[in-house]
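To keep things clear, I will list the structure first and then write my remarks on it.
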Amino acid sequence: MRATLVFVLLAAGAVVVSLFSAASGQFGIPVADVVNSVLHRVGLGSPPADPFAEGTLWEVRFPRVVMALLVGGVLGVSGALMQGLFGNPLAEPAVVGVSSGAAVGACLSIVFGWTFFGEFTTPALAFAAGLVTTLSVYLLSRSRGRAEVVTLLLTGVAVNAVAGAGIAFLTFLGDQASREQIVFWQLGSLASSRWSFVATAGPPALAAVLVALVLAPKLDLLALGDRQARHLGVNVEVLRLVAIVAVALSVSAAVSYSGIIGFVGLVVPHLLRMVLGPGHRVLVPASLLGGALLLAAADLFARTLIEYADLPIGMLTALVGGPFFFWLLLRTRQRSGGWA
């Protein structure tokens, strides 16, 4: 009953926030017109009275709203996967280097002015670099055919440090315009969202969600410990590899268009776990809705908080996620009786 109520609230919240987000902006559009426009496209509503508003909705606002839902959902599901995989509520996709790797790819494109894929060059390089970095973390952490959790985390820390140094070096090499572009890319933004971007980021995101739903029962068994999970028939190594590949593909595709957006993958699964419990059959789809709702709301605030300004969305999520992360650390320490 509680799970059903939470799912209904999350889905309804995502719909309401999406409608208000599409209606809000420098050119205000009544929510009723937004609803009518959507219904008209599916053959139920009356023709739109204002062609300019119709064009604004379908060429500018809706791609951005859909991209926010997509990126937020991917980060939420990936966070649930990573926390289940590592058995640690403080884990998120960034710990395996996917975000920092994607940033290196984007910086390469920006600094050297590569345009061989047109407008897709920077997202394509960010996607490829994020994927390669994540798989490198996994392969470097393997020993004797296994990748232990602690080794995986420490390898992620080391690779993130190297990627950070690479970003700093590329920022040093770039001119003033490139440096500004790198800074804004890393702050995260959905301002450049297009339907073509949604179409290319959507398939990896959908595939990752389906994989996460399939893996959810095995993550519940993995929570008992590696040895117990193996005794219950779970191939732990295959489970870790498939989960990490799914996270790498989906998060690389998402952040390649949005830039780095932190804390969604950390905060959403943990909040929902406190409400719904640790079972991944419920937690994974709830994190999908929760992440989509959180990022759609953050994007709405980013566009409307200051008039005629579009705030970096990564800054807003960090502003909320940072204090929450600190509270989470204190809460974990108090429950454990200290870190030692």
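Name the pairs whose Cβ atoms lie under 9 Å apart, with the first residue in the range 155-175 and touching a residue at least 40 places away in the same chain (Cβ under 8 Å), the second surrounded by 12 or more Cβ atoms within 10 Å (Cβ to Cβ) and basic (Lys, Arg), and 6 or more positions between them or separate chains?
THR171/ARG179
Checking the conditions here, which among VAL31, VAL104, VAL17 is modelled with pLDDT of 90 or more and not basic (Lys, Arg)? Full working, then the answer.
On the way: VAL31 fails: modelled with pLDDT of 90 or more; VAL104 fails: modelled with pLDDT of 90 or more.
Only one candidate passes the filter, namely VAL17.
Applying the selection to the range 50-64, what residues are open to solvent by 50 Å² or more (accessible area, probe 1.4 Å) and within 26 Å of PRO312 (Cβ to Cβ)?
TRP58, GLU59, VAL60
Residue-wise test of (1) of a type outside the set (Phe, Trp, Tyr); (2) under 30 Å from ARG2 (Cβ atoms); (3) surrounded by 21 or more Cβ atoms within 10 Å (Cβ to Cβ).
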site	(1), (2), (3)
ALA246	yes, yes, yes
SER256	yes, no, yes
VAL275	yes, yes, no
HIS280	yes, yes, yes
LEU289	yes, yes, yes
ALA292	yes, yes, yes
ALA298	yes, yes, yes
MET315	yes, no, no
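Please determine whether any residue of the range 263-280 is within 12 Å of the chain's Cα centre (by Cα) and in a loop (DSSP other than H, G, I, E, B).
Checked the range 263-280: at least one residue is within 12 Å of the chain's Cα centre (by Cα) and in a loop (DSSP other than H, G, I, E, B).
Yes or no: the range 107-120 includes at least one residue that is surrounded by 19 or more Cβ atoms within 10 Å (Cβ to Cβ) and among the charged types (D, E, K, R).
Looking through the range 107-120, none of the residues is surrounded by 19 or more Cβ atoms within 10 Å (Cβ to Cβ) and among the charged types (D, E, K, R).
May I ask you to list the residues in the range 1-49 that are outside any helix (DSSP H, G or I), open to solvent by 60 Å² or more (accessible area, probe 1.4 Å) and either under 30 Å from PRO269 (Cα atoms) or aliphatic (A, V, I, L, M) (or both)?
Matches in the range 1-49: MET1, VAL42, LEU44, ALA49.
Report whether or not PRO93 is surrounded by 23 or more Cβ atoms within 10 Å (Cβ to Cβ) and under 24 Å from SER193 (Cα atoms).
Taking the combined requirement at face value, the residue satisfies it.
So ALA309 clears everything in (1) under 27 Å from THR122 (Cα atoms); (2) in a helix (DSSP H, G or I); (3) open to solvent by 10 Å² or more (accessible area, probe 1.4 Å); (4) not β-branched (Val, Ile, Thr) except one condition, right? Which one?
Here ALA309 clears every test but (2).
In the range 138-195, which residues are polar (S, T, N, Q), surrounded by 12 or more Cβ atoms within 10 Å (Cβ to Cβ) and assigned to a helix (DSSP H, G or I)?
The answer is SER141, THR151, THR155, ASN160, THR171, SER178, GLN181, GLN186.
The values are calculated or read from the model by the stated rules, or taken from the named source; none is laboratory data. Predicted, not measured: the structure shown is a model, and the values here were computed from it. Note: ideal-geometry Cβ built from the backbone for every residue, glycine included; neighbour counts use all protein chains shown. What goes into the accessible areas is simple: the full protein's heavy atoms, side chains included, and nothing from ligands, DNA or RNA. Shrake-Rupley method; radii C 1.70, N 1.55, O 1.52, S 1.80 Å.
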